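All remarks here apply to the structure that follows.
The values are calculated or read from the model by the stated rules, or taken from the named source; none is laboratory data. Computed from a prediction, not measured in an experiment: that's the story for all the values here. Reconstructed Cβ throughout: ideal geometry from the backbone, glycine too, with neighbour counts over all protein chains shown. The protein model used for the area step is the full one, side chains on, heavy atoms only, and it has no ligands, DNA or RNA in it. Shrake-Rupley method; radii C 1.70, N 1.55, O 1.52, S 1.80 Å.
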Amino acid sequence: MKYDKDLYIDSGFYGIDEEIENHKEKIVKCRKQHTCVACDKQINIGDQALNESGFVDGEPASVYTCLDCIEKWLEESGQVETDE
């Protein structure tokens, strides 16, 4: 993890979706493999990822985003300083 944990959670990567009830975002250590919702890269067991969860139309929903994608977003959106 390159940056402070709170930056990943408050990055605005997912945006605000009014249709998601009980919306939560948190950094998790994966207990099984997942696919990153942004880049389709495999997130392996033991890797950390940003998890967004909630309910859409009354059904549970959960997606995972690899930290590389969040870090790229933080840098491209100007939320963190880069050496470039």
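Here are some notes:
- Note that region 1-40 shows a convex hull volume over its alpha carbon atoms of 112 Å³ per residue.
- Computed label-point distance, nm, for sites Q33 and D6 using a 7 Å Cα→Cβ extension: 3.6
- q = 0.13, 0.14, 0.22, 0.23 Å⁻¹: log10 I(q)/I(0) that the Debye formula gives for the chain, counting C-alpha atoms only: -0.42, -0.48, -1.09, -1.16
- Entry comment: accessible area of the chain is 70 Å² per residue, from protein heavy atoms only and a probe of 1.4 Å.
- A Gaussian network model of the chain, with springs between Cα atoms under 10 Å, assigns the largest mean-square fluctuation among K32, K24, K41 to K32.
- Within the chain, helix-based [θ] at 222 nm, where runs of 4 or more DSSP H residues each add -39,500 (n - 2.57), nearest 500: -4500 deg cm²/dmol
- Percent carbon-and-sulfur accessible area, the chain, ignoring ligands, DNA and RNA, probe 1.4 Å: 43
- On Cα atoms only, tilt of 67-76 relative to the major axis of the chain in degrees: 60
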